[in-house]
Amino acid sequence: MTVRRFVVPMTVDASGDGTFYTPAIYGHLVSFRYVKTDFTDGIDFVCTLETTGETLWAEDSVNASATRHPRAATHSVAGAASLYASGGTAVNGRIAIGGDRIKIVVDGAGNATTGTLHVTIDG
């Protein structure tokens, strides 16, 4: 298993908004690590796959540096949600990325401020 990290420096415009991209990625998403520099509190993140639009991480009102390990719901071959035991707890699995870029949209970050997103992939 090879673990790789992609570092995406982000500087937003005067409105506090910005769109950023990773290079094309192959592997399974492990984590996002947001490192706050001088973004204002309460920023919103939406990270999706560029080609398909699949949401990888969407969170509003982020105030401080944070780490997230997103997972996706799994399904049977019939399309039914996979559940753990009779309790009905959803089963989540790692998200595979096959040569797509991750699109990172930030808003509400303040006038021309900066932050960094580290994207960790394995496989």
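Details
- Only a single item in (1) surrounded by fewer than 16 Cβ atoms within 10 Å (Cβ to Cβ); (2) in contact with a Leu (Cβ under 6 Å, 6 or more places away or on another chain) is not met by Ile95, and it is number (1).
- Matching entry among Phe39, Phe32, Phe45 (being over 14 Å from the mean Cα position of the chain (by Cα) and either surrounded by 17 or more Cβ atoms within 10 Å (Cβ to Cβ) or modelled with pLDDT under 95 (or both)): Phe39
- Scanning the range 25-53 for residues that are touching a residue at least 24 places away in the same chain (Cβ under 8 Å) and of a type in the set (D, E, K, R) yields Arg33, Lys36, Asp38, Asp44, Glu50.
- Restricting attention to the range 48-89, the residues that are surrounded by 12 or more Cβ atoms within 10 Å (Cβ to Cβ), under 25 Å from Val119 (Cα atoms) and at pLDDT below 95 total 2.
- Residue ranges of strands (runs of 3 or more DSSP E) in the range 1-101 with at least 1 members in contact with a His (Cβ under 9 Å, 6 or more places away or on another chain) and within 14 Å of Ile121 (Cβ to Cβ): 3-11, 25-36, 95-100
The values are calculated or read from the model by the stated rules, or taken from the named source; none is laboratory data. None of these values were measured; they are calculated from a predicted model. When we count neighbours, we look across all protein chains shown, and the Cβ atoms used for this are built from the backbone with ideal geometry, even at glycine.
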